[in-house]
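To start, the structure under review is shown below, and the notes come after it.
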There are 2 protein chains.
Amino acid sequence: MRNSIQVCIAICLAFLLMPVEALAQQALWGKAPVVSPEIHENQTVTFRLRAPKAVKVQVTGDFLSKGVADLVENKEGVWEYTTPEPLKPELYGYSFVVDGLKVNDPSNVYMIRDVSTITNVFIVGGDRADLYKVNDVPHGAVSKVWYDSPSLGMDRRLTIYTPAGYEMSGKRYPVFYLLHGMGGDENAWSELGRATQILDNLIAQGKAEPMIVVMTNGNAALEAAPGESSLGWEAQPTFQLPKTMEGSFETHFPDVVKFVDKHYRTKANKKNRAIAGLSMGGFHSLHISKQYPDMFNYVGLFSAAIMPGKNVESPIYQDMEGKLATQFAKKPALYWIAIGKTDFLYKANEEYRKLLDEKGYPYEYFENEDGHIWKNWRIYLSEFVPRLFK
Amino acid sequence: MRNSIQVCIAICLAFLLMPVEALAQQALWGKAPVVSPEIHENQTVTFRLRAPKAVKVQVTGDFLSKGVADLVENKEGVWEYTTPEPLKPELYGYSFVVDGLKVNDPSNVYMIRDVSTITNVFIVGGDRADLYKVNDVPHGAVSKVWYDSPSLGMDRRLTIYTPAGYEMSGKRYPVFYLLHGMGGDENAWSELGRATQILDNLIAQGKAEPMIVVMTNGNAALEAAPGESSLGWEAQPTFQLPKTMEGSFETHFPDVVKFVDKHYRTKANKKNRAIAGLSMGGFHSLHISKQYPDMFNYVGLFSAAIMPGKNVESPIYQDMEGKLATQFAKKPALYWIAIGKTDFLYKANEEYRKLLDEKGYPYEYFENEDGHIWKNWRIYLSEFVPRLFK
């Protein structure tokens with residue numbers, strides 16, 4: 001046999017072609033040769049887009065008080081905008097608007113879907129926003145797992161976070177069930193919610209107990225997130241679904257707990273279980289925790305949709321008064337309510353707190369700025385988790 | 001306490017506002033009110049984009065022999081193109097080009113990244129392409145897990161597929177290590193590669209043994225895929241990385257096998273281990289399987305980069321002749337080579353097969369049309385997997 005190095009020299013020439021040819025085949029279109037977004041040391045941010053034929057280019061994002069800002073074109077056809085002020089530490093979303101058409105930033109591969117909208121994202125670090133970053137700390141595992149639900153007659157997908165060291169430790173862990181809002185799915189908390197990073201970082205800092213986090217799909221008509229079930233890629237995500245807030249999801253919830261306790265090393269008792277959710281997930285957490293008063297010791301309502309269930313016949317929504325009395329008689333370790341001042345559900349939450357006050361049911365209350373947005377739900381998660389399982 | 005239903009009636013009005021307000025806050029921009037792509041029953045496909053201010057709109061994708069096609073505008077500013085012929089069953093990628101600017105289809109949330117390029121995707125079903133769909137069959141779990149690599153001195157992320165029933169069965173399973181190409185990462189095979197769906201479907205059809213599939217990150221300089229390590233979202237993906245094909249990845253591979261055998265219910269022996277990879281991953285599979293001849297019984301080279309290692313000093317690339325002799329003396333159950341006729345690595349693979357022929361080392365060979373593209377790698381995966389662990 002000829003020396004293998006020699007054998008290969010001839011084909012080395014072919015290899016030299018690889019970046020060109022393979023790029024041409026693997027990646028049909030090249031990356032724009034501009035940096036965007038560029039986060040400067042002073043925390044101002046520059047956005048750039050190469051679009052020499054465009055007449056007008058704007059950026060739109062949640063960091064802009066006016067909603068949009070105009071980019072200015074240079075001689076090379078690269079449009080640019082720099083924020084006049086530093087941005088506060090936060091995870092931000094943005095898109096470009098080119099002659100009226102919303103487009104993603106071709107220089108930034110990081111995008112997250114929220115219901116049917118996909119935006120580019122970036123993080124300005126510092127303060128609480130550092131919790132949203134992947135830092136150089138031990139990382140938990142994130143799994144997409146299918147569980148069987150006899151109540152709903154289907155296999156369903158969930159996201160489960162096991163903390164760093166789970167595989168090695170042989171220990172049992174407490175479990176936190178974390179529920180999404182209307183139009184969301186089992187991916188929502190681990191994507192825009194940054195639950196994986198928040199848990200990794202709080203646990204690494206010693207501020208939270210190592211715990212398992214279970215993120216379900218709250219739309220009981222569906223098996224899984226868009227694109228992940230046999231409905232296929234032709235089914236686009238939608239905000240409104242038939243089997244939400246009508247009792248099915250709440251009724252099936254013991255199927256989830258049973259699956260998790262069977263297949264993971266859990267501390268399978270009320271003392272070591274928490275449930276919380278945002279918006280519709282807060283509604284679900286409220287009803288599940290009172291329906292099964294021996295299941296959860298910690299309850300979190302994040303911007304909760306306090307409102308009647310869609311199906312007034314469902315046993316889930318019957319005798320709310322009696323069920324709350326039973327739940328609070330059993331003295332949950334924490335009943336935590338959080339909402340922003342401008343949330344459209346503020347008044348509903350105020351009414352609900354009055355009701356708890358009238359009955360003398362203890363709860364903790366966290367109020368902050370802003371409304372019904374992911375910024376707040378990341379804050380609530382990072383406030384709630386350190387209070388669990390102490 | 002007032003009846004809870006009554007309590008809530010007042011806030012019901014607020015709830016009625018939710019779709020508007022919450023959409024306005026959660027999703028900054030509405031979904032385009034057109035359907036795109038629309039896959040017709042006769043397997044032609046229509047693409048649509050609302051862009052009333054655009055001068056020229058094209059679609060570009062891997063189903064177009066000319067690379068691009070022009071859309072035609074109607075009175076409402078919606079541009080449209082229908083393929084003149086039915087498309088063959090396949091997973092396709094596409095983007096729009098609006099006045100020279102490549103943009104994603106705002107009507108289709110399904111996009112997949114390949115190195116630094118993100119394209120919309122759709123599947124025309126039928127034949128082998130049905131393996132790429134999520135079908136109504138039992139589903140395996142997909143986990144993103146961090147393992148410790150003493151050789152590389154870092155924790156690293158991998159993707160692991162456990163077959164449907166893994167949690168319940170108590171059984172031990174064979175393990176297939178599946179490696180990506182240059183510029184890819186531990187997400188590549190489960191995304192464009194559709195490995196999860198291919199495995200789920202082949203196992204459900206009884207054509208493949210239930211197995212664990214481990215998908216590593218072949219760039220030994222990195223801990224994880226772009227955005228999933230402490231390099232953060234400011235690090236954009238790139239094709240060329242320093243620690244690829246220079247020995248580090250191959251040298252560290254026993255760390256992976258050790259982790260997997262320790263933490264999963266594996267059949268921890270050569271008879272029940274396979275390794276395969278595409279392009280650079282084929283190179284890695286070749287060198288790992290000969291370096292550790294008692295580790296893998298099945299070897300797959302998919303469009304393998306048969307070429308010299310970057311670091312000729314690395315012990316991995318020394319004595320290729322002797323190591324191959326040892327490997328084949330131990331009679332691997334399968335040594336499988338696959339490549340497309342127009343692949344730029346065709347000649348290199350031909351040379352390598354000649355070398356194996358000269359030595360009388362047995363292998364199976366699979367040759368088909370096309371070149372160095374994901375279409376072929378999905379075909380090779382779906383051909384290779386049924387040959388394993390029989």
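Readers should treat all values here as calculations from the given coordinates under stated rules, not as data from a laboratory. Because the structure is a prediction, the values reported are computed rather than measured. Note: ideal-geometry Cβ built from the backbone for every residue, glycine included; neighbour counts use all protein chains shown.
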Summing -39500 (n - 2.57) over every DSSP H run of at least 4 in chain B, dividing by its residue total and rounding to the nearest 500, the 222 nm mean residue ellipticity is -7500 deg cm²/dmol
How would B:Leu158, B:Leu278 line up from fewest to most surrounding beta-carbon atoms within 10 angstrom? B:Leu158, B:Leu278
Step through the residues of region B:86-94 one at a time and calculate ³J(HN,Hα) from phi using the Karplus curve (6.51 cos²θ - 1.76 cosθ + 1.60, θ = phi - 60°), rounding each to whole Hz and writing x for Gly and Pro. x, 8, 5, x, 4, 8, 10, x, 7
Distance in nm between pseudo-label sites at B:Arg387 and B:Ser169 (7 Å out along the Cβ direction from Cα): 2.3
Roughly speaking, what % of Cα-Cα pairs in region B:182-230 are separated by over 12 Å, rounded to a whole number? 66
Relative to chain A, whose Cα atoms define the longest principal axis, helix A:374-384 and its Cα axis are tilted in degrees, nearest 10, by 50
At q = 0.08, 0.11 Å⁻¹, what base-10 log of I(q)/I(0) does the Debye formula yield for the protein assembly as shown when every alpha carbon is treated as an equal point scatterer in vacuo? -0.69, -1.29
Roughly what would the spin-label model give for B:Glu313 and A:Arg128, points 7 Å off Cα along C-beta, in nm? 5.1
Taking only the alpha-carbon positions of region B:20-171 as identical scatterers, the Debye log10 I(q)/I(0) at q = 0.12, 0.21 Å⁻¹ comes out as -0.72, -1.31
Once the piece of chain linking A:Asp70 and A:Glu350 is laid out straight, how much longer is it, given 0.36 nm per residue of separation minus the C-alpha distance between them? 96.8 nm
Per q in 0.15 1/Å, what log10 I(q)/I(0) does a Debye calculation on the alpha-carbon atoms of region B:127-234 return? -0.67
Report the percentage of all Cα-Cα pairs in region B:105-167 whose separation exceeds 16 Å, rounded to a whole percent. 71
Value of D in µm² per second that Stokes-Einstein yields for region B:203-262, Kirkwood Rh from Cα pairs, at 37 °C (0.692 mPa s): 235
Mind giving me the FRET efficiency for B:Thr326 and B:Glu85? R0 is 45 Å, r the Cβ-Cβ distance, nearest 0.05 is fine. 0.30
Averaging sequence separations of C-alpha pairs under 8 Å and six or more residues apart, then dividing by the length of chain B, give the relative contact order as a whole percent. 12
Please work out the C-alpha center-to-center distance from region B:153-217 to region B:60-98 and express it in whole Å. 33
Cα-based convex hull, region B:181-329, per residue volume (Å³, whole number): 126
Per-residue Cβ contact counts at 10 Å, fewest first, order A:Leu356, A:Leu345 as A:Leu356, A:Leu345
Given N residues in region A:263-390, what is Rg(Cα) / (2.2 N^0.38 Å)? 1.02
Efficiency of FRET from Cβ geometry, A:Glu234 and A:Val55, R₀ 30 Å, rounded to 0.05: 0.30
Per-residue mean of other chain beta-carbon atoms within 10 angstrom of the beta-carbon, peptide A:254-267? 1
Along the Cα-to-Cβ line of A:Asp148, 7 Å from the Cα, sits a label point; which residues in region A:244-270 have backbone N less than 13 Å from it? A:259
Under DSSP loop assignment and at most 16 Cβ neighbours within 10 Å, longest GluC sites (Glu not before Pro)-free interval of chain B: B:77-233
Helix B:346-359 axis, angle to chain B major axis (alpha carbon atoms, nearest 10°): 30
Looking only at Cα atoms, what is the convex hull volume of chain B per residue, in Å³? 207
Tilt relative to chain B, helix B:195-204 - C-alpha long axis, 0 to 90 degrees, to 10: 80
Could you tell me whether region A:351-390 comes out rounded, prolate or oblate from its Cα gyration tensor? Rule is a ≥ b ≥ c as square roots of the eigenvalues, rounded for a/c under 1.5, then prolate if a/b exceeds b/c, otherwise oblate. oblate
